[in-house]
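K.L.:
Here it is: the structure, laid out below.
The values are calculated or read from the model by the stated rules, or taken from the named source; none is laboratory data. What you see is a predicted model, and the numbers here were worked out from it, not measured in a lab. All Cβ positions, glycine included, derive from the backbone under ideal geometry; neighbour counts span all protein chains shown. Accessible surface is based on the protein model in full, side chains and every heavy atom, while ligands, DNA and RNA are left aside. Shrake-Rupley method; radii C 1.70, N 1.55, O 1.52, S 1.80 Å.
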Amino acid sequence: LLQSLQNQSLHRSVKPPVLSSFGDIALAIGGQFELYLQVSLMMLFQASQTRAPEDDDELIEYVNSLREGILEAYTGIVQGLKDGGKAAALMPYTDAIFSFLEMLSQDETRDIEVLGKAVGLLGDVASTVGSAVKEYLSRPFVSKLLADAHATGDATIMETCTWAGAVIQQALQS
């Protein structure tokens, strides 16, 4: 999978589902994913640095698809490590995860699917490592993502937003 991502001749449309598959693998093997955590999260970090010019709709669409894959991977990894009793292994990577989420909160070209998955990841991280990430959860971008998600009017995203908001509040109060 890593070689596929690094292959320049591979069509870019293949990369988002490949990224997402890392989350599926983490969900399947749980705590054993810790062995692959560093290399996987480094790859997700590198992919998260991809940007699109605001005037290139095709590239914006691709970057949003890439971000969805990244968010799905992060979510699966967080849930897999939590289920496998290895949540603490995430701590060295929380800065990168929250930096990505903060960047998404400021990106006017993100689509509604990215927003929904970003809010879901916020909730998953809060429910997994809770008070250990209070400093991040209290930052203004977290409230902005939640407010933006709620403002979509999309029932599924609003439900995710309500859940994430409650989990975040719980983590902040613990």
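Listed here are the residues, each with its yes/no results for (1) assigned to a helix (DSSP H, G or I); (2) in contact with a Gly (Cβ under 6 Å, 6 or more places away or on another chain); (3) of a type in the set (D, E, K, R); (4) touching a residue at least 12 places away in the same chain (Cβ under 8 Å).
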site: 127; (1), (2), (3), (4): yes, no, no, yes
site: 130; (1), (2), (3), (4): yes, no, no, yes
site: 143; (1), (2), (3), (4): yes, no, no, no
site: 157; (1), (2), (3), (4): yes, yes, no, yes
site: 164; (1), (2), (3), (4): yes, yes, no, yes
site: 170; (1), (2), (3), (4): yes, no, no, yes
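K.L.:
For residues that are open to solvent by 10 Å² or more (accessible area, probe 1.4 Å), in a helix (DSSP H, G or I) and closer than 11 Å to residue 31 by Cα, tally how many sit in the range 61-113.
P.N.:
Total meeting the criteria: 6.
K.L.:
Sticking with this one: State which residue pairs qualify: first residue within 16 Å of residue 23 (Cβ to Cβ) and inside the range 37-60, second residue of a type in the set (Val, Ile, Thr) in any location, beta carbons under 6 Å apart, and separation of 6 or more residues or different chains.
P.N.:
Hits for this filter: 44/70; 47/70; 48/70.
K.L.:
Here is a follow-up. Only one of these is assigned to a helix (DSSP H, G or I) and open to solvent by 80 Å² or more (accessible area, probe 1.4 Å): 35, 44. Name it.
P.N.:
Numbers: 44 fails: open to solvent by 80 Å² or more (accessible area, probe 1.4 Å).
Criteria check complete, one pass: 35.
K.L.:
Related question: Only residues that are closer than 20 Å to residue 75 by Cβ, at pLDDT below 95, touching a Phe, Trp or Tyr at 6+ places or on another chain (Cβ under 9 Å) and surrounded by fewer than 18 Cβ atoms within 10 Å (Cβ to Cβ): list them for the range 1-32, please.
P.N.:
1
K.L.:
Under 11 Å from the mean Cα position of the chain (by Cα) and small (Gly, Ala, Ser) - does that describe any residue in the range 49-62? First the steps, then the outcome.
P.N.:
Taking the range 49-62 as the starting set, the residues that turn out to be under 11 Å from the mean Cα position of the chain (by Cα) are none.
For the range 49-62, residues under 11 Å from the mean Cα position of the chain (by Cα) and small (Gly, Ala, Ser): absent.
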